[in-house]
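The values are calculated or read from the model by the stated rules, or taken from the named source; none is laboratory data. Model, not experiment: these values are computed from the prediction. Cβ placement follows ideal geometry from the backbone for every residue including glycine, while neighbour counts extend to all protein chains displayed. Note: areas computed on protein heavy atoms with side chains; ligands, DNA, RNA excluded. Shrake-Rupley method; radii C 1.70, N 1.55, O 1.52, S 1.80 Å.
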Amino acid sequence: MFKYYSKLAIRNLLRSKGYTIINVVGLSFSVMVCLLIVQHIADDLSYDQQHKDSERLYRVATDWRIDGEGRTAAGTPSPLAANLKKDFAEVLSATRIYKAPNVDQYILEHEDKVFFEQLGAFADPNFFDLLTYDFIHGDPASALQEPLTMVLSDGIAHKFFGEDNPIGKSITMTTTWGRDEYRITGVFDSEAYASHLETGFYASGQGGAIGKEFYQVDEWAGLNLYYTYIKLNASESAEKLNAAFPDWLENYAGDRLRELGIGKSHFLQPIESIYLDSSVVGFWFGRTGNKNYVYILACIAALLLMIACTNFMNLATARATVRAREVGTRKVLGANRKALIYQFMIEAFIYAAIAVALSFGLAKLALPIFNNLTDKNLNLPLLQSTPYLLGFIAIITLLAGSYPALYLSAFSPERIFKDNHRNPFSAQRIRQVLVVGQFVIGIALIQGVFIINQQLNFISNKDLGYDPSAKIIIPLHSEEASERYDILRSELLKNPQIQAVGGTTTHPAEDNLSSFFYFREGQNPDEGYHAYNAGITPEYMELMGFELLAGRLFDRQRISSDTIRKAVITNKAMEGIGFDLDNVIGQNISMIFGEKVTFEVIGVIKDFHSNSLHYEMDGQVFDWSPEFPLYYVLAEVATQDMVSTIANIEATWQRINPNNPFEFHFLEEQLQQQYQAEQRAGGLIFYATLLAIFIACLGLLGLAAFATERRLKEIGIRRILGASVSHIVALLSKDFLWLVSIALVLASPLAWWLCQQWLTDFTFRIALQWWMFLPAGIIAIGLALLTVGFQSMRAALANPVSHLKNE
């Protein structure tokens, strides 16, 4: 029976080639997108599934309340892990990792090989007891038990040691904190598992310059640089521990937190949810996903598949007049409705099977583009999964084939042979609803792409309070390089292409970990204002183009006085501390850094965006303190010959810092990386929009062809009676354009609401205006007019006599 119906289906496919091409192309492209997106979602959901007893592993995160604003971050204080293990029987084990602050690159050396490595962390000795890694060399249980030991990823191990076993060999690490030699005790497979911890190496937190500074810090309020992981005796213990956190934290840190005016609490985050929970990040240095974008991708896949299946349903029911006599004849010869449903479902199955087969090749061709858009390295292993593919075919068969099978099999033989088999009013209405639904999706996607581009353009053109153009960032990765800043600056300025050079501990494209509560004279520290601090040289402020509102900036000619506890602050910091422009100059502000440290305010600058436009502008306090190291050099350069300018900078660097590799970044590019998630989402939605409109227009083309075919006699008579081609085209197009217009009306409020929800992630955003949604409507109506008009034009230009002869 299956073989017989399959032959019939194939004959029908070959007989109606245009109908077949429209359906197969639409289904193939939609299945291709589904294959890619399902693989993407499967990859996102695979993160951190490998850990032993993963259901009992948690990361401790922090909720902050500072200056009345709530913030959530992954960082915790140093003593948290040990005291959790000591005080709670539910906690079987606790461990920490941390990243050295203000170190964005580590210099690793072995013999004559020197590399920058960004992805590194320092860990407690028991780190690999809690988190599972696939070790190629070494023993995870003992790898970090001793000070100055290091575990490498296979990638870094291969760069330094090739195929040799590196256990027992050494690597020298240099940072602005110092220089230390580490013994290699393990190598792990970085590709074995998907993990939120994106690290190229783990170094022992004990010993070394960084370990001495951070390993035994006893501070409960500040320095939340540590990421704490715990293993519970049972997963249900998490609720009990969350409930106990407030009183427990009060016992250890209540007085200190009140002294600083900070509200703080902790909660447990299941390790399996960390990757997709992008709300708990803070100054995180690992991989982060976004569960909202997972939902968006899943919806895009489902919507594209629905559009393609809708085409199939619409075209199948529209062709009812063609298939009606076939159905009537089969019923007269004894076929029951069940057999007819079976026949039409097999047809749908064959369409689905062909589409899925073609989608394999399309998916492989589109994979590089998709990987680039999503910043992943997928390889589509699901293509080799037979149950998965059969499931896809079954879903398409049911979605696309059910309604046409039920509709066509219900025809009455008596009505068919009395020539009363034309599509009933209800079927026509269903087709219209489906067409409107298709274009609602397509128009909403176009409007979404337009709004995303509007917001990204707004970000690109927003006045940030400084000029980021033509600025080069040169990291100072070692203490030696930091100490030679003045020499480097002097030599760089000899190049006429370099217009200014300044030094700083941070820059706007980087997370600033240095913040304090600043208070004026007569205030307690807990009444202070939370502001971020940066150490700079005088040239940095002029180079950035900050606008001076009152007082003056730092002056290298006054080095003897300006380096002794002087500060330049932003307008927001000034107001938060309790001053105004008329009385702030010459006032003292203080903060607690072990002891009370007081600065005299010498200038106020206009507020600027020190982080992305997702967030409010923070208050900033700048000081010029040569006793603290600088981490970055910023150079403003002429752009006429950037290649030779960079080459000159590198040559100058190598003369002054021969033991340190040269690295540079453009500030504008670093700032744009803050919006990578939005840019990727915009790219994905753009391509999805193209496909959605393409598939919807394919269906519209098929419906227009059948509608035109049914009215050929009418067209011939109208042409003979003098109707113009434009009149015929308008007559045949108006019904479809009316449906697209209805879709525009329905899509606009939906797109408005969705875009408004997306924009809430930005503190600084565009205001939605009604005119922003018009381009999508113009595009959709224009494409529909081209699609339907093409088919109508063919019919209108044909010889009317041929239409009448056919009747």
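Report, by residue number, each residue of region 253-291 that is at pLDDT 80 or above, open to solvent by less than 40 Å² (accessible area, probe 1.4 Å) and assigned to a helix (DSSP H, G or I).
Of everything in region 253-291, those that are at pLDDT 80 or above, open to solvent by less than 40 Å² (accessible area, probe 1.4 Å) and assigned to a helix (DSSP H, G or I) turn out to be ALA253, GLY254, LEU257, ILE271.
Name every residue in region 177-198 that is under 30 Å from PRO658 (Cβ atoms) and buried (at least 24 other Cβ atoms within 10 Å of the Cβ), in order of residue number.
Selection gives ILE184 alone.
Quick check: anything in region 18-30 within 27 Å of GLU198 (Cβ to Cβ) and not acidic (Asp, Glu)?
Scanning region 18-30, I find no residue that is within 27 Å of GLU198 (Cβ to Cβ) and not acidic (Asp, Glu), so the answer is no.
Within region 596-625, track down each residue that is open to solvent by less than 20 Å² (accessible area, probe 1.4 Å), part of a loop (DSSP other than H, G, I, E, B) and aromatic (Phe, Trp, Tyr).
Hits for region 596-625 are PHE608, TRP624.
List the pairs whose first member sits in region 643-654 and is on the phi > 0 side of the Ramachandran plot, whose second member is outside any helix (DSSP H, G or I) and surrounded by 17 or more Cβ atoms within 10 Å (Cβ to Cβ), and whose Cβ atoms are under 6 Å apart, counting only residues at least 6 apart or on separate chains?
Within 6 Å, no pair qualifies.
Within the set of pairs 6 or more residues apart or between chains, which connect a residue that is within 18 Å of GLY551 (Cα to Cα) inside region 572-599 to a residue that is in a strand (DSSP E or B) and open to solvent by 70 Å² or more (accessible area, probe 1.4 Å) with Cβ atoms less than 9 Å apart?
ILE577/ARG520; GLY578/ARG520; PHE579/ARG520; GLN587/ARG520; ASN588/ARG520; ILE589/ARG520
Given the criterion within 30 Å of LEU358 (Cα to Cα) and open to solvent by less than 30 Å² (accessible area, probe 1.4 Å), identify the matching residue among THR20, THR76.
THR20
Please work out which one of (1) in contact with a Leu (Cβ under 8 Å, 6 or more places away or on another chain); (2) part of a helix (DSSP H, G or I) is the condition TYR58 fails and give its number.
(2)
Counting only residues that are of a type outside the set (Phe, Trp, Tyr), under 23 Å from LEU553 (Cα atoms) and touching a residue at least 40 places away in the same chain (Cβ under 8 Å), how many does region 484-496 have?
So the answer is 4.
Tell me which residues, restricted to region 497-523, are in contact (Cβ under 8 Å) with a residue 24 or more places away in the chain and either open to solvent by 50 Å² or more (accessible area, probe 1.4 Å) or out of contact with any strand residue (DSSP E or B) (no Cβ under 9 Å at 6 or more places or on another chain) (or both).
Residues satisfying the conditions are GLN497, GLN499, PRO508, ASP511, LEU513, ARG520, GLU521.
Does GLU636 qualify as being among the acidic types (Asp, Glu), in contact with a Gly (Cβ under 6 Å, 6 or more places away or on another chain) and open to solvent by 10 Å² or more (accessible area, probe 1.4 Å)?
So GLU636 fails the test.
Do you know which residues across region 107-128 are open to solvent by 50 Å² or more (accessible area, probe 1.4 Å) and either at pLDDT 95 or above or under 28 Å from the mean Cα position of the chain (by Cα) (or both)?
Those that are open to solvent by 50 Å² or more (accessible area, probe 1.4 Å) and either at pLDDT 95 or above or under 28 Å from the mean Cα position of the chain (by Cα) (or both): GLN118, LEU119.
Hey, does region 115-125 have a residue that's part of a loop (DSSP other than H, G, I, E, B), in contact with a strand residue (DSSP E or B) (Cβ under 9 Å, 6 or more places away or on another chain), polar (S, T, N, Q) and more than 17 Å from THR199 (Cα to Cα)?
no
Of all the strands (runs of 3 or more DSSP E) wholly in region 135-200, which have at least 2 residues that are of a type in the set (Gly, Ala, Ser)?
Counting at least 2 such residues, we get 178-188.
Mind checking whether some residue in region 224-231 is surrounded by fewer than 19 Cβ atoms within 10 Å (Cβ to Cβ) and closer than 26 Å to LYS264 by Cα?
Looking through region 224-231, none of the residues is surrounded by fewer than 19 Cβ atoms within 10 Å (Cβ to Cβ) and closer than 26 Å to LYS264 by Cα.
So, in region 531-562, of the ones that are in contact with a helix residue (DSSP H, G or I) (Cβ under 8 Å, 6 or more places away or on another chain) and assigned to a strand (DSSP E or B), which residue ends up least open to solvent (accessible area, probe 1.4 Å)?
Residue satisfying both the conditions and the ranking: ALA531.
Among the residues of region 702-753, what is the count of those that are in contact with a Leu (Cβ under 8 Å, 6 or more places away or on another chain), basic (Lys, Arg) and within 27 Å of ILE22 (Cα to Cα)?
So the count comes out to 2.
Quick one: is THR172 among the polar types (S, T, N, Q), touching a Lys or Arg at 6+ places or on another chain (Cβ under 7 Å), open to solvent by 10 Å² or more (accessible area, probe 1.4 Å) and more than 24 Å from SER478 (Cα to Cα)?
No.
Evaluate the following for ALA42: is it closer than 19 Å to SER195 by Cα, open to solvent by 20 Å² or more (accessible area, probe 1.4 Å) and not aromatic (Phe, Trp, Tyr)?
So ALA42 passes the test.
Please specify each residue of region 132-168 satisfying the condition of being under 18 Å from TYR193 (Cα atoms) and aromatic (Phe, Trp, Tyr).
Those that are under 18 Å from TYR193 (Cα atoms) and aromatic (Phe, Trp, Tyr): TYR133, PHE135.
When the residues of region 342-396 are filtered to those that are polar (S, T, N, Q) and modelled with pLDDT of 85 or more, which remaining residue is nearest to HIS40 (Cα to Cα)?
In this case the residue turns out to be ASN371.
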